[in-house]
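One structure is given below, encoded as structure tokens.
Derivation of every value follows stated rules applied to the coordinates shown; laboratory data play no part. Model, not experiment: these values are computed from the prediction. Don't worry about glycine lacking a Cβ; one is built from the backbone with ideal geometry, like all the others, and counts go over all protein chains shown.
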Amino acid sequence: MRNAAKKDATISRGSESPRLKFPRSCRLLCRAQYDAVYQEGRRRAGREFTVFLRPNGLDLSRFGWSVKKALGTAVRRNRIRRRLREIVRLNRQEIASGWDIVIHPRSSAATADFRSLADQLLRLLPRPALPEGQPQNSP
């Protein structure tokens, strides 16, 4: 009975829409990719994050994060990492494609409210261009 419950739980995950997935192709994977963003990109800073941006010439944006040991124990750093990944995963459609993005969180990102973290991070990230003739929504 217990194994059947586990099997059903695994099957229900398959119904997740493709828009909400965070595939490997959307991640910065090696040090050379991070170095290119740091050297050739530009920087934006906010209260909770510093974001490094570099155009990548691809049809999608790739994301990476760097959480320093100074931010706390492994548990705290992993919590920050999970929160960042979830914000990016849920809001990928609101972020312009064609960028390599590295996110550096500050220590307060571990305890800040999730919604305010998402708002702050989305303000620092590039937005997709609107089609001509479509009015912009003011926040």
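Residues in the range 74-84 include none that are in contact (Cβ under 8 Å) with a residue 60 or more places away in the chain and closer than 21 Å to Gln33 by Cβ. Scanning the range 57-80 for residues that are small (Gly, Ala, Ser) and touching a Cys at 6+ places or on another chain (Cβ under 9 Å) yields a single hit, Ser61. From the list Arg115, Arg81, Arg76, Arg89, which one is in contact with a helix residue (DSSP H, G or I) (Cβ under 8 Å, 6 or more places away or on another chain), among the basic types (Lys, Arg) and more than 22 Å from Gly57 (Cα to Cα)? From the options Arg115, Arg81, Arg76, Arg89, the qualifying one is Arg76. Restricting the range 45-99 to residues that are of a type in the set (Asp, Glu) and assigned to a loop (DSSP other than H, G, I, E, B) leaves a set whose member that is surrounded by the most Cβ atoms within 10 Å (Cβ to Cβ) is Glu48.
On the stretch given as the range 17-44, residues that are surrounded by 12 or more Cβ atoms within 10 Å (Cβ to Cβ) and not charged (D, E, K, R) total 9.
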